[in-house]
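Please read the structure below before turning to the comments.
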Amino acid sequence: MRGAAARVARTLPLALSMMLITGCGGGDSGTSGGGDQPSAAEQRLAQFAPTTIAFDDSLLNANQRTVVAKLVEASRHLDDAFKLQAWRDNAHPEEVLPAGTSDEADAIREYFRIMYGPWDALDSDEPFLDVGEKPEGAGFYPEDMTREDFDTWIEEHPEDREAFTSGYTVIRRTGKGGLEAIPYSEAFRAELEPAARALREAAAAADNPSLKTFLEKRADALLSDEYYDSEVAWMRLEDNLIDPTLGPYEVYEDGLFGQKTSFESFIGLKDPGASQQLARLEGFLRDLEQALPIPDEHKYLDRPFKAPISVIDLVYSAGETRKGVQTIAFNLPNDPKVRENEGSKKVMLRNVIQAKFDRILKPIAEEVLVREQADRIGPNPYFTRVLMHELSHALGPDYVTGKPDVTVGQGLKDRYSAIEEAKADAVGTHSLGVLTDRGEYDEEFRQEIYIDHVADMFRCIRFGATEAHGLGCLTQLNYLLQNGAITYDEETGKFAADLEAMPEVMSDLAGQYLLLEATGDYEGAGQFLERYGTMPPEVKDALDRLAGRVPVDLDPQYAVMDEMEGWE
């Protein structure tokens with residue numbers, strides 16, 4: 001999950017933009033410094049390492065290749081829909097992008113592609129073109145509409161509440177100065193009709209019955225805005241090699257209310273053996289819910305605790321997940337009604353996780369951690385903690401305690417995404433400690449998990465204060481530093497996990513996030529994010545050392561685009 005904490009982030013005392021490469025300040029399209037000195041635009045682009053995302057296409061028969069090709073086609077249409085959700089003026093990007101073929105102009109166009117618009121998510125959404133501030137409501141609402149405008153309209157037109165607060169509508173002004181809700185199926189018809197057509201063609205070629213059912217139902221949903229049946233069909237996929245996730249899901253782009261969903265797509269090939277090896281963790285979820293460090297009144301011990309796990313190699317992705325920082329795992333669906341009846345699915349993007357470990361996390365650990373702990377960083381603890389992070393999205397409150405009609409997201413609004421991502425991190429690491437106490441892991445592995453968590457916070461803080469993971473990780477790091485679970489050596493500038501203090505402090509931190517969600521404490525969430533969302537000078541110094549040496553994230557280059565040429 002990413003990005004819905006924009007409004008809170010802009011109130012932080014120290015902007016995260018200070019940690020970026022010198023010369024990359026917002027609002028300037030970048031100028032060459034002469035000689036071989038790269039422009040600001042080229043330095044921005046260098047933060048993303050071009051990385052080939054490969055898969056084994058020999059696993060696919062002729063029919064399955066047709067399915068994959070059609071799913072890629074559908075994904076590209078959903079990508080076009082998301083561009084308009086991110087910024088309505090993405091319909092005409094040539095009006096703001098530079099012309100010409102200079103290195104600087106090329107870099108600006110490439111960075112615009114990565115960011116799906118002219119605002120830099122790594123630099124507190126500062127514009128890198130002359131377009132002004134990013135609208136808080138992205139392309140979902142009129143750019144000049146405020147929260148007060150929206151709330152006043154609902155108060156005066158209570159019959160509009162359901163449509164206006166739906167995750168599947170955009171809000172537009174009418175000719176008479178009013179507001180109206182337009183369903184996605186109408187607002188994005190030009191993109192969704194061909195996407196639905198491609199999904200039906202994929203379904204026609206599919207050999208797997210459950211996959212065929214899902215694709216047919218999801219095609220219908222794109223044109224009706226009724227997603228429940230297709231979400232259930234997605235949860236019931238079985239014996240499928242091709243593992244698709246397509247539709248409107250995350251709410252990070254909606255900085256006003258955190259309720260409008262964005263289109264995205266993941267197409268992968270599933271590894272049944274690896275998935276089965278991890279499936280045993282599903283059996284621990286009830287015990288882990290019981291072990292949450294909050295009063296029992298906030299626990300959900302009667303939920304179905306269904307958590308199928310898919311380990312996939314990513315073939316292609318599109319839409320919200322392609323913007324900026326790349327997803328390594330996800331937990332869906334987000335609809336509480338589906339979760340109540342079907343549980344939720346955890347999907348691990350194995351090839352992307354490995355690429356991030358090799359190119360980013362390991363080099364970060366070598367730079368910011370004391371040597372003896374940096375040497376203990378390994379891919380297995382990283383993979384396991386990522387998995388437990390996703391499992392932990394399904395632990396804890398779904399609704400505000402005592403308010404069964406108010407989801408946690410509705411209670412925390414624009415502050416929800418940062419709190420939820422931080423909660424999943426803290427609860428995940430806490431839960432691995434619980435499982436260690438019960439003999440599922442040994443003490444050495446528990447320590448490696450804590451060390452990995454410290455290094456990974458530095459990785460995700462670099463995503464920026466307007467990104468949910470970035471702000472969430474900054475609050476974690478500050479809390480752990482201030483409470484003695486992380487130590488800092490002024491002489492070396494290195495950090496270390498205090499392996500004795502970490503279990504108790506991590507439990508306390510997990511409880512803080514869980515209680516904010518359970519109580520729907522919007523003001524408390526804001527105070528927490530502001531208190532712990534500042535940049536300590538020693539952390540900034542460490543991040544400065546990483547700039548220009550370790551990429552912030554990957555710029556995926558999908559091998560399937562070349563492979564498909566040979567399938568025709």
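What follows is calculated from the coordinates using simple rules that are stated; it is not laboratory data. Everything numeric here is computed off the predicted structure, so don't read it as measured data. Quick reminder, even Gly has a Cβ in these numbers, built from the backbone with ideal geometry, and neighbours come from all protein chains shown.
Annotations for the structure displayed:
- Enumeration of residues in the range 400-428 that are surrounded by fewer than 20 Cβ atoms within 10 Å (Cβ to Cβ) and over 14 Å from Leu515 (Cα atoms): Lys403, Pro404, Asp405, Val406, Gln410
- In the set (1) in contact with a His (Cβ under 6 Å, 6 or more places away or on another chain); (2) over 18 Å from Leu474 (Cα atoms), Met506 fails one condition alone, (2).
- Looking only at residues of the range 176-215 that are assigned to a helix (DSSP H, G or I), over 26 Å from the mean Cα position of the chain (by Cα) and charged (D, E, K, R), we find that the one that is surrounded by the fewest Cβ atoms within 10 Å (Cβ to Cβ) is Glu186.
- Taking the criterion of being crowded, with 19+ Cβ neighbours inside 10 Å, under 20 Å from Glu320 (Cα atoms) and touching a helix residue (DSSP H, G or I) at 6+ places or on another chain (Cβ under 6 Å), the residues of the range 216-245 that qualify are Arg218, Ala219, Ala221, Leu222, Tyr227, Ser230, Glu231, Trp234, Pro244.
- Residues of the range 93-108 satisfying the condition of being part of a helix (DSSP H, G or I) and loosely packed, with under 15 Cβ neighbours inside 10 Å: Glu94, Glu95, Asp103
- Counting only helices (runs of 4 or more DSSP H) that sit completely within the range 305-399, those holding 1 or more residues that are crowded, with 22+ Cβ neighbours inside 10 Å and touching a Ser or Thr at 6+ places or on another chain (Cβ under 9 Å) correspond to 350-356, 379-392.
- Flag for Phe128 being crowded, with 17+ Cβ neighbours inside 10 Å, over 20 Å from the mean Cα position of the chain (by Cα) and within 30 Å of Glu180 (Cα to Cα): no
- Selection count where residues are crowded, with 23+ Cβ neighbours inside 10 Å and out of contact with any Lys or Arg (no Cβ under 6 Å at 6 or more places or on another chain), scope the range 519-536: 3
- Selection within the range 69-118 - under 19 Å from Glu253 (Cβ atoms), of a type in the set (A, V, I, L, M) and free of Cβ contacts under 8 Å to residues at least 40 places away in the same chain: Ala91, Val96
- Scanning the range 244-287 for residues that are under 20 Å from Asp229 (Cα atoms), assigned to a loop (DSSP other than H, G, I, E, B) and among the aromatic types (Phe, Trp, Tyr) turns up just one, Tyr249.
- Looking across the range 454-492, the residues that are in contact with a helix residue (DSSP H, G or I) (Cβ under 6 Å, 6 or more places away or on another chain), in contact (Cβ under 8 Å) with a residue 40 or more places away in the chain and either part of a loop (DSSP other than H, G, I, E, B) or among the polar types (S, T, N, Q) (or both) come down to Phe463, Gly464, Ala465, Thr466, Glu467, Thr475, Gln476, Asn478.
- Ile486 fulfils the conditions (1) in contact with a His (Cβ under 9 Å, 6 or more places away or on another chain); (2) within 18 Å of Arg446 (Cβ to Cβ) except for a single criterion, (1).
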